[in-house]
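Structure record follows, encoded as structure tokens.
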Amino acid sequence: MIKVHASAGNEDIAMVYIIETSPGNLVECVESVQPPLPRDKKWVLLVSMMFGCPVGCLMCDAGGHYHGKLSKQEILDQIDFLVDKRYPTRIIPCEQFKIQFARMGEPSLNLQVLDVLEELPLRYQAPGLMPSISTVAPVGAERFFNRLVEIKEKNYSGGHFQFQVSLHTTDLILRDRFIPVKKWSFTQIGEYGERFYAPGDRKLTLNFALAQGMPVDPEVLLTYFSPEKFLIKITPLNPTYRARENELVSYVNPLSAVEKYEIIQALQDAGYQVILSIGEMEENFIGSNCGQYLRRHLQAEAPIEDGYTYQVNQRP
Ligand code: SF4
């Protein structure tokens, strides 16, 4: 039985919850909508898979302090909690009901995530269900990735699954600095993508949370990733404590979706579909965006100014 410790946010955009899934173990989960789309068009949940994260990406407040993996039940408990608040019958009529395995932890380092993926279609009546795995593709997770292909084929074919790999730059030295674990090479990621992708699937997403000074070379990408099977998503670097500590500055202006960027133009000229994903600024303030982690904020002595500005309601 989970216990809610704190919450923050705005019911019309995003809510972050700090919950206790097992005695003494706190994690965060999020529900959000994407205005102007109403919830019945698109509803997005983010759940945690680990207590802390052993990867420690340079811009992520959820990294570090790793002390274990969540069980299948603990992951499902977060989803049940968020679903039951809105749809207690567990019939979810949303056109797109996206569950992102992305709040805290690297999904491929927890095999229980696969059991959750198998369980979801049985647990909820949700025609719009679309799980989304976002990974840095660490070395040693091959068992996870092999089984994931089978699960996607069996349960989520025809575009009901999103697979995202975070690259952040095409400069290998900077990539190693940004994501400080042993990772698959671009060759390995490209080969996996070829195996993963089937006709009718969504293209695999190459994620770039772009900081200034992080090159993205279309020629390098074209060597490994076919524009027919991979698309590119560029996001601003969200305001996090780790980004501030590491003096990282966003390449993309989070306030403007219309500005033109040289890198985006070059990627489009190379034939890639490019999504510039600028979320609601409110989500930065709430602390629900990627890489943000409310507990880090609660422990901070010098709060950052452009994120986590919402009041956190702590419960006794
Ligand atoms: S971005 Fe993901 S993999 Fe990297 S430290 Fe944060 S939770 Fe871990």
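Throughout, read-outs are computed from the coordinates displayed, never taken from laboratory work. Computed from a predicted model, the values in this text were never measured in an experiment. As a convention, Cβ positions derive from the backbone with ideal geometry for all residues, glycine included, and neighbour counts pool all protein chains shown.
Quick notes on this one:
- Label zone at Q125, where the point sits 7 Å out along the Cα-to-Cβ direction: the stretch 54-83 residues whose backbone N lies under 11 Å: none
- With the simple model of a label 7 Å out from the Cα in the direction of the Cβ, L37 to L174 spans 3.0 nm.
- Spacing of the modelled spin labels on H65 and K260, each 7 Å from Cα toward Cβ, amounts to 4.5 nm.
- Annotation: peptides 26-38, 228-240, ranked by per-residue average of other Cβ atoms within 10 Å with the highest first, follow the order 228-240, 26-38.
- Length gained when the stretch S226-V139 is fully extended (0.36 nm per residue, less Cα-Cα span): 29.1 nm
- In the chain, the alpha-carbon atoms span a convex hull of 126 Å³ per residue.
- FRET efficiency for the E20 to D84 pair, using the beta carbon distance and R₀ = 22 Å, is estimated at 0.85.
- Rounded to the nearest 20 debye, dipole of the chain from Cβ charges on Lys, Arg, Asp, Glu: 640 debye
- If you take the alpha carbon atoms of the stretch 1-95 and fit the smallest convex hull around them, that volume is 117 Å³ per residue.
- Surrounding net charge for D40, when Lys and Arg each add one and Asp and Glu each subtract one, Cβ distance under 12 Å: +3
- FRET efficiency for L111 and D269, using Cβ-Cβ distance with R0 set to 30 Å, rounded to 0.05: 0.15
- Two-site label geometry, I91 and N253: point separation in nm, points 7 Å out along Cα→Cβ: 4.8 nm
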